[in-house]
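The numbers here are math on the coordinates, done by the rules we state, and not lab data. Fair warning: this is a prediction, and the values are worked out from it, not measured in the lab. Note: ideal-geometry Cβ built from the backbone for every residue, glycine included; neighbour counts use all protein chains shown.
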Amino acid sequence: MPTLSVPHSAVDRVRSEVERTASRARNGIKLATGTRRPGMGLTPKDVIWRHGRAELWHYRTGDVRYGPPLLIVFSLVSRSYILDLTPGNSFIEHLLTAGFDVYLLDWGVPDERDAANRLEDYVDAAIPAAIAQVCRRAGTGKVNLLGYCFGGVLTLLHAAHHPYSPLHSLTVMATPVDFTQLGPLGDVFSATGLDVESILGDDGNVPPWVMLQAFRSLTPMAEVTQHVNLWERLWDDEYVAAYRAMTGWAADHVPFPGAAAKQAVQMLLRDNALMTGRLVLGGDQVSLAGITVPFLSVLGLRDHIIPEPASAPVINLVGSADKHELRLDAGHIGLVVGRTAATTTIPTIIEFLRQRSDRNHDPS
Amino acid sequence: MGELVSVPAVRGAYDAIERRLAPRLEALVRTKQYAQVTALLAGARSSAGDQAGRVSACLLHACNLPAGPDISRLRRQLGELDREVRQLRLELAAYAENRREEPPDADA
């Protein structure tokens, strides 16, 4: 009876609006007061090694079905909890559920003690030491290595400079190699001759706010749009929780060690050394062609931080015979968080590692 | 309920503005001029900070007190020492590991 459905519909709409208004008020108060922030990085883990501010984390699991273990190397500019954002939306959680033994090398929050750190401190010292720790802890001779964003650059440099490093495979995600294609982030240094020294803070590092402003300037309207989206869906508890987790992480940068920043700008950006073969580490000429382990490159076609032309050439630069590329319709963060990550990125990485792993891995 | 009408209407208006404005702003930040202005501002900010630092340092030094740049220099020097200690620690650990893995000396 159409005549009856109209009043029911109107009552339902009114009820729904009242409920939404109440939810808006409740969520608005939570946001304004900063109470009940969503827990992030909650997957249980143990710190098994420390090196300065860096920590090596081992995620707890009683169900390791594949080996060798997976060591994730995170970026130097942001916080690693994006990989373990919230329960149910965690890259780490997916890997553990799939049966991998997962370790993460977190660089911590650099301070003046890290200002003199060069890329070699990470590539030739910390990463090899972390790999040795993982091998010892897991009782294996090899590790699968995975690098995200600038962590991917560090893993590439390590694998290229250490051809005998005990790597079983290498996966890089959203990792730039052609720095001339970085866009505004690169142009500020390459096109203007801006001296890195002029942006260093008192501690000798690039301050987090510089990184934050640089990333924000890439999409000038994005922040306003985020607030409009939030206003529109303020009634939706799930959306608000996800918004708080994501925006909290996006504004939570760490200082970039000054000496490494100078080296990265000169060698990686101005000389575009990964593309031109002018890469020098610890006095040695290094080429990505020296990487021969099974290799996977994952890149996002909508990545505005590391655009596809900056990350795509890596597949042609590495010397591996067994190499694969995964191009996804995702942004920089969408590769590890959200629906695309859960349905495509993470299952593909898991499958890549599974095919190259020993089932029911026995470390002995 | 005014909300039923106003939120989609405001949203529509915002989307229309955003569709027109966002590509222009994004194109602007990709220009060489924008990069140059950013670099210029960073340089100006740095030299303004240096000037102010020099003046305050002169005043503090006149009273035999350390100034901000002195503390920064000390912090950096301590940082370099810390880095060297970290490197030595890693080298020692690697040396100890190699010693453990080496077979016992037959002559010993």
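The alpha carbons of the protein assembly as shown occupy a box of 103, 70, 42 Å along the principal axes, longest dimension given first.
Note on B:SER56 and B:ALA16: their simple-model spin labels are 5.0 nm apart, each label 7 Å out from Cα toward Cβ.
The C-alpha radius of gyration of segment A:116-258, expressed as a fraction of 2.2 N^0.38 Å, stands at 1.32. Proximity of backbone amide H atoms, modeled 1.01 Å from N, is registered between A:LEU326 and A:SER297, A:VAL298, A:LEU299 at under 5 Å, excluding neighbours fewer than 5 places apart on the same chain. For segment A:53-118, dividing the convex hull volume of the Cα atoms by the residue count gives 86 Å³ per residue. For segment A:10-111, trypsin sites (Lys or Arg not before Pro) meeting the loop criterion (DSSP other than H, G, I, E, B) and having at most 12 other Cβ atoms within 10 Å: A:ARG36, A:ARG60. Kirkwood radius for segment A:177-290, taken over all pairs of different Cα atoms as the inverse mean of 1/r, rounds to 16.6 Å. The Rg/Rh ratio for segment A:191-235, using Cα coordinates for both the radius of gyration and the Kirkwood hydrodynamic radius, is 1.21. Among B:TYR14, B:TYR95, the ranking by other beta carbons within 10 Å of each residue's beta carbon, starting with the fewest, stands as B:TYR95, B:TYR14. Computed from point charges on the beta carbon alone (+1 for Lys and Arg, -1 for Asp and Glu), the dipole magnitude for the protein assembly as shown about its Cα centre is near 1100 Debye.
Restriction of the trypsin sites (Lys or Arg not before Pro) in segment B:15-108 to DSSP coil positions whose beta-carbon has at most 15 other beta-carbons within 10 angstrom yields B:ARG30. The dipole here belongs to segment A:57-188: it is taken about the Cα centre, uses +1 on the Cβ of Lys and Arg and -1 on the Cβ of Asp and Glu, and is about 500 debye. Once both labels are positioned 7 Å from their Cα atoms along Cα-to-Cβ, the gap between B:LEU74 and B:ALA94 label points is 3.4 nm. For chain A, the relative contact order works out to 22 percent when only alpha carbon pairs closer than 8 Å and six or more residues apart are counted. The mean number of partner chain beta-carbon atoms within 10 angstrom of a residue's beta-carbon across peptide A:121-129 is 3. Taking 0.36 nm per residue of separation and subtracting the current Cα-Cα distance, fully stretching the chain between B:LEU28 and B:LEU81 would add 14.7 nm.
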